[in-house]
2 protein chains.
Amino acid sequence: MRVDMSEGNVEHQDVPEDYRTLGGRGLTSTIVSDEVPPDCHPLGPNNKLVFAPGIVTGTQAPTSGRMSVGAKSPLTGGIKEANVGTRFSQTLAKLGIKAIIIEGQAEDGYSLLKIDKDGAELSDAGEWSGEGLYKAYDEIRGEFGEDMDVCGCGIAAELSGANSGIAFNDTEGLPSRYAGRGGLGAVMAGRGLKFIVADPEGAPGVEIEDEQAFDEGRKKLVNALQEHDVTKPGGTLNTYGTDALINVINESGGLPQRNFSVGRTEEASKVSGEEKAERIEERGGERPHMCSPGCVIQCSEVWTKPDAKDPVGVLEYESVWALGPDCGIYDLDTIGELNRACNDLGLDTIEAGNTIAVAMEGGLAELGDGEKALELMEEVRKGTPLGKILVNGTEFAGQAFGVTRVPTVKGQAMPAYDPRAIKGIGVTYASTPMGADHTAGYAVATEIMSVGGEADPLEAKGKAELSRNLQWSTAVIDSTGYCLFTAFAVMDIQEGLEGMVESVNGVLGTDLTVDDITEMGKQILETEREFNEAAGFSKEDDRLPEFIREEELPPHNEVFDVPDEEIDKVHEP
Amino acid sequence: MRVDMSEGNVEHQDVPEDYRTLGGRGLTSTIVSDEVPPDCHPLGPNNKLVFAPGIVTGTQAPTSGRMSVGAKSPLTGGIKEANVGTRFSQTLAKLGIKAIIIEGQAEDGYSLLKIDKDGAELSDAGEWSGEGLYKAYDEIRGEFGEDMDVCGCGIAAELSGANSGIAFNDTEGLPSRYAGRGGLGAVMAGRGLKFIVADPEGAPGVEIEDEQAFDEGRKKLVNALQEHDVTKPGGTLNTYGTDALINVINESGGLPQRNFSVGRTEEASKVSGEEKAERIEERGGERPHMCSPGCVIQCSEVWTKPDAKDPVGVLEYESVWALGPDCGIYDLDTIGELNRACNDLGLDTIEAGNTIAVAMEGGLAELGDGEKALELMEEVRKGTPLGKILVNGTEFAGQAFGVTRVPTVKGQAMPAYDPRAIKGIGVTYASTPMGADHTAGYAVATEIMSVGGEADPLEAKGKAELSRNLQWSTAVIDSTGYCLFTAFAVMDIQEGLEGMVESVNGVLGTDLTVDDITEMGKQILETEREFNEAAGFSKEDDRLPEFIREEELPPHNEVFDVPDEEIDKVHEP
């Protein structure tokens, strides 16, 4: 589906043969690479925004409700794929839509794109401009029907913020699932598009070329997910959610706190998954919970105020960390309200937390001052000059406030693992085309959780190979529509991996093998890296910031010492 | 002289043999390249700030009171040389100082470095922190003596602004001569250094190896300068100053106005050099005037309010343009006050004018609202969040205010020539290692003023060669200490060029010929480009912004259409 915002036209096109076997990230990155000039201004008329559900998304494949959103990023200046788990992706797939390409720019105002089984049309969305997304989602469901899937961008995007995500509905209809990273909300708002509403009613469903292969594969994968300690019912993710990592990573000495100045504190346990699960139970929130139907892992939740009031949606590990310990804040209720503000304004939580931490170091508040952090969010809502600084992310705030301890790569802020204490993830931050991104090659799985082998997190050697293999396989998983968390199981259980590939073959009618994954992943990375190179990136952009290489992080008192040549081996083995 | 700000030490070192024949830009770029890690944070502990007078500076050579200041730039992220005409440079040279290297970082507070014939020492400069530079310069001269030379950074630098220059005294002692471009003020403040005071008394003078060669060369150059229409007494520069260009460039259709949206207007003549000279005469200001002793061109002036009140110093063409027509402001008194504010705060006028124009397009004020522009300057003085946006320059403001028409290259704002109407200067903007900089290879001389040959400004062909030759020769002139304006004469008068080279030989005791200039300039450019490459620049950074390539500029309705391959030929012929 091609939506020309300059003309206000929606056009349906047949899927080109070249794109037939692509989905998710493989498809968004290919389309962006084929159609977006790498040297264009990300907010100018020549950028395009591409939505694509994964290959198996919308089928009975387990834990596969993922969607990729791609464009040239206003935050990094390079290609971006942001990935989100939401029923929206399943509805789109079931409506027979392989991808939506948003192009051109409306002259003024904002539109809403409504998609259903009969087609799609644009209408005026001006009434929701400047409004918080919780209220807007409520009103949109009120107007179009409670069962609608909704995605949209918020006030942060209307301010052209380089930190502005795209919100998608969770299963409660709340705007708590985010294609958060890289400022894609501003690309959406920059086209003049504010919301997409997708109606699941009567959607014909995803065509499956080989039902038997699909079914056999799917079952093998379900078995693996139900067997692995991390993904099984009652397993780590199911019981405590992603936030189970707070204690684990803090214990490892690699939980960056107080703007990346210390890697382990006693206070961290106050915001752990264990603590949070207990609170949710006391309050009558929900846990475990799915981010989209058909998930067998169920790591999500509904966080609320006491007495189950004012549901926020999920508080993920990365969000809790960024809005919490990285800002010196160790109170779950404050973190919950900060997360609500991010969801409501359309901010990526990882970037927003880092931004606040840097602003605090720059003198805007004491580290740990949660009330002030909440006030800063209101500056964004009001669109004040301070809000315009904060909405542009961590590196921007660092420059505005004269801070040199700025944890970014390619302009994107680091997630919740300090590369000085967990060096493989540092290699991923440095070398992925996405900017600092843990999901691009999650070396933490091996370094900390001993999944897919073992590796000493403090050791610099061998981390290029670890990161490379993970980056390639991740690019493929992000294309299939399977959640990245399925990787925990398939890295350790070969039959699960085979099942995953078979399910993809079932949908596409292809005969891929496990051995093809490497080549497929490599190809996607190459497409993305070529775009970045044409956009001006060189290997010198594959570096961590100076302070990570020079300032020791307690308690291990290590610096990031993976040599540049080792990092370069990720892409040039 | 090496000043370690971490330790508060000043050390005098012998000039290494490799550096003996270098000066000005050749020396600052070599030292920065040798000593500054290209991947360091420009405001972190590893950047260094280097001051170097030119080779013949401090001698009787005409129009040679130039100084180079170098560092890694907070504005571009690459190497930077900013060049300024001031007696300060002559005093430094006469004191026998080849270069000052400021390194390390004071833990807190600001210092003043006092240099005289007996040595140098640091003292506390806290009393001037947060104070405007006109007042501070007054007070410093009051404290240290009226005849002192002073350089310093202002409030903009204390705010770590990527647009912060280093001010030097003019012959009245006003802070109106600037090494303005690239944010070097923030590098100075980032070391903890606020002022340098140089005492000319008893300075031994510059050693000249071959007095006769020097003297003969000097005379030939003086003759050429006094003969050429642009540089002679009563010639263009002497009569109207640099601002003589307003009418000329407006007439050519290449004077960018209202944030680069039109290249010619009827209003431009209101701020022309002709108009300005008349006003100065009426008011009892001064024109012509020298920026430093020994200048035979004398293009400077002292602009004042009516009745010769409140002298500002010079209003250069680029400043008048940036703070005037580019912001839609066509009133010399408003421009004068804006220029005073820039001088007082320590802002580069070119960057500041572009920033205001972009902020106006972003909705902060109507283009043309001079009163509002003056208010914006006060936001910088007060250090408000809005001030912190504005002090970081044009590209930063563009991002904060969601503007896509942002005239920058490598993060540095364009000077007063639109590359769509004067294409050779566009090739220089794109390909110089400095970011958009007219002085790096002033193709306008040939394209508009028919100096050094002729070239059609609207023609794309042949501009790589034109820019390349100018960039090479400029790098040499910037190293000699001669003002770039001597180039007008020596490009047309061979004997002047020979005299220039002979005067350099006289000082150094070398036997360079005119034919050596190319190789010397090429070498300097290569040093600078290697630094930038190691800092992450690629040929994709040698590009003009999208709107310059896509939006037609009236009245010629041309876009910048020099192909990328042609631009790349500047450095790879």
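The values are calculated or read from the model by the stated rules, or taken from the named source; none is laboratory data. Treat the numbers as computed from the prediction; the structure is a model and nothing was measured. Glycine also receives a Cβ, built like all others from the backbone with ideal geometry; neighbour counts cover every protein chain displayed. All accessible areas refer to the heavy atoms of the entire protein, side chains included, with ligands and DNA or RNA removed. Shrake-Rupley method; radii C 1.70, N 1.55, O 1.52, S 1.80 Å.
Just the residues that are in contact with a Lys or Arg (Cβ under 7 Å, 6 or more places away or on another chain) and not charged (D, E, K, R), please, taken from region A:536-555.
A:547, A:548, A:553, A:555
Is it fair to say residue A:452 is open to solvent by 30 Å² or more (accessible area, probe 1.4 Å), more than 14 Å from chain B (Cβ to nearest Cβ) and in contact with an Asp or Glu (Cβ under 8 Å, 6 or more places away or on another chain)?
yes
Working only within region A:51-78, note down all residues that are more than 14 Å from chain B (Cβ to nearest Cβ), within 15 Å of the chain's Cα centre (by Cα) and not aromatic (Phe, Trp, Tyr).
Within region A:51-78, A:52, A:53, A:54, A:64, A:65, A:66, A:67, A:68, A:69, A:70, A:71 meet the criteria.
Among all residue pairs at least 6 apart or on different chains, which show Cβ distances below 6 Å where the first residue, located in region B:228-243, is among the small types (Gly, Ala, Ser) and the second is part of a helix (DSSP H, G or I)?
If the second residue must be part of a helix (DSSP H, G or I), the pairs left are B:241/B:273.
Assess whether residue A:378 counts as being among the acidic types (Asp, Glu), in contact with a Ser or Thr (Cβ under 8 Å, 6 or more places away or on another chain), over 22 Å from residue B:40 (Cα atoms) and away from chain B (no Cβ under 13 Å).
Considered against the rule, which asks whether it is among the acidic types (Asp, Glu), in contact with a Ser or Thr (Cβ under 8 Å, 6 or more places away or on another chain), over 22 Å from residue B:40 (Cα atoms) and away from chain B (no Cβ under 13 Å), residue A:378 comes out as no.
Please go through region B:342-359 and pick out each residue that is open to solvent by 10 Å² or more (accessible area, probe 1.4 Å) and over 18 Å from residue B:75 (Cα atoms).
B:344
Anything in region A:17-42 that is in a helix (DSSP H, G or I) and not β-branched (Val, Ile, Thr)? List them, or say none.
Once the filter is applied, which keeps residues that are in a helix (DSSP H, G or I) and not β-branched (Val, Ile, Thr), region A:17-42 yields A:17, A:18, A:19, A:24, A:25, A:26, A:27, A:29, A:33, A:34, A:35.
Kindly indicate which of B:100, B:155, B:115 is within 14 Å of chain A (Cβ to nearest Cβ), in contact (Cβ under 8 Å) with a residue 24 or more places away in the chain, out of contact with any Ser or Thr (no Cβ under 6 Å at 6 or more places or on another chain) and not polar (S, T, N, Q).
Of B:100, B:155, B:115, the one residue that is within 14 Å of chain A (Cβ to nearest Cβ), in contact (Cβ under 8 Å) with a residue 24 or more places away in the chain, out of contact with any Ser or Thr (no Cβ under 6 Å at 6 or more places or on another chain) and not polar (S, T, N, Q) is B:155.
Please verify whether residue A:561 is more than 14 Å from chain B (Cβ to nearest Cβ) and either free of Cβ contacts under 8 Å to residues at least 60 places away in the same chain or of a type in the set (D, E, K, R) (or both), treating the condition exactly as stated.
yes
Can you pull out every residue in region B:384-407 that is over 16 Å from the mean Cα position of the chain (by Cα) and closer than 23 Å to residue B:179 by Cβ?
Residues satisfying the conditions are B:387, B:388, B:390, B:391, B:392, B:394, B:395, B:396, B:397, B:407.
Residues being outside any helix (DSSP H, G or I) and either within 16 Å of residue B:407 (Cα to Cα) or β-branched (Val, Ile, Thr) (or both): count how many of those fall in region B:562-573.
So the count comes out to 2.
Can you tell me which of (1) in contact (Cβ under 8 Å) with a residue 40 or more places away in the chain; (2) surrounded by fewer than 17 Cβ atoms within 10 Å (Cβ to Cβ); (3) not in a helix (DSSP H, G or I) is the one residue B:543 doesn't meet?
Residue B:543 satisfies every listed condition except (2).
Of the numbered conditions (1) assigned by TED's automatic domain parsing to the domain that holds residue B:141; (2) among the aromatic types (Phe, Trp, Tyr); (3) farther than 30 Å from residue B:409 by Cα, residue B:214 satisfies every one except a single condition; which is it?
Unmet condition: (1).
Residues are listed down the side, and each one gets a yes or a no for (1) in a loop (DSSP other than H, G, I, E, B); (2) within 25 Å of residue B:98 (Cβ to Cβ); (3) within 14 Å of chain A (Cβ to nearest Cβ); (4) hydroxyl-bearing (Ser, Thr, Tyr):
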{"site": "B:484", "(1), (2), (3), (4)": "yes, yes, no, no"}
{"site": "B:499", "(1), (2), (3), (4)": "no, yes, no, no"}
{"site": "B:526", "(1), (2), (3), (4)": "no, yes, no, no"}
{"site": "B:548", "(1), (2), (3), (4)": "no, no, yes, no"}
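Residue B:177 - would you say it is outside the structural domain of residue B:322 (by TED's automatic domain parsing) and closer than 23 Å to residue B:290 by Cα?
For residue B:177, the condition - outside the structural domain of residue B:322 (by TED's automatic domain parsing) and closer than 23 Å to residue B:290 by Cα - is met.
Six or more apart or on different chains, Cβ under 6 Å: which pairs go from a residue in region A:36-48 that's more than 8 Å from chain B (Cβ to nearest Cβ) to one that's open to solvent by less than 30 Å² (accessible area, probe 1.4 Å) and small (Gly, Ala, Ser)? Could you list them?
From region A:36-48, the pairs are A:47/A:71.
Select from region B:368-390 the residues that are part of a loop (DSSP other than H, G, I, E, B) and more than 24 Å from residue B:331 (Cβ to Cβ) and list them in ascending order.
Answer for region B:368-390, where residues must be part of a loop (DSSP other than H, G, I, E, B) and more than 24 Å from residue B:331 (Cβ to Cβ): B:383, B:384.
In this structure, is residue A:371 within 14 Å of chain B (Cβ to nearest Cβ) and either farther than 27 Å from residue B:536 by Cα or touching a residue at least 12 places away in the same chain (Cβ under 8 Å) (or both)?
Judged against the criteria, residue A:371 is not a match.
With the structure loaded, tell me whether residue A:488 is buried (at least 24 other Cβ atoms within 10 Å of the Cβ) and within 14 Å of another protein chain (Cβ to nearest Cβ) or whether it fails that test.
So residue A:488 fails the test.
Kindly evaluate residue A:3 against the criterion of being open to solvent by 40 Å² or more (accessible area, probe 1.4 Å), more than 14 Å from every other protein chain (Cβ to nearest Cβ) and among the β-branched types (Val, Ile, Thr).
It is false that residue A:3 is open to solvent by 40 Å² or more (accessible area, probe 1.4 Å), more than 14 Å from every other protein chain (Cβ to nearest Cβ) and among the β-branched types (Val, Ile, Thr).
Anything in region B:170-216 that is of a type outside the set (Gly, Ala, Ser), open to solvent by 10 Å² or more (accessible area, probe 1.4 Å) and under 27 Å from residue B:433 (Cα atoms)? List them, or say none.
Within region B:170-216, B:177, B:178, B:181 meet the criteria.
Out of the residues in region B:36-61 that are out of contact with any strand residue (DSSP E or B) (no Cβ under 8 Å at 6 or more places or on another chain) and more than 20 Å from residue A:548 (Cα to Cα), state the one that is surrounded by the most Cβ atoms within 10 Å (Cβ to Cβ).
B:56
Keeping to region A:345-368, report how many residues are away from every other protein chain (no Cβ under 12 Å) and either over 19 Å from the mean Cα position of the chain (by Cα) or free of Cβ contacts under 8 Å to residues at least 12 places away in the same chain (or both).
Residues that pass the stated criteria total 9.
Among the listed residues B:534, B:464, B:460, which satisfies the condition of being within 14 Å of another protein chain (Cβ to nearest Cβ), in contact (Cβ under 8 Å) with a residue 40 or more places away in the chain and over 20 Å from the mean Cα position of the chain (by Cα)?
Result of the check over B:534, B:464, B:460: B:534.
Output the number of residues of region B:107-119 satisfying the condition of being open to solvent by less than 30 Å² (accessible area, probe 1.4 Å) and closer than 20 Å to residue B:187 by Cβ.
4
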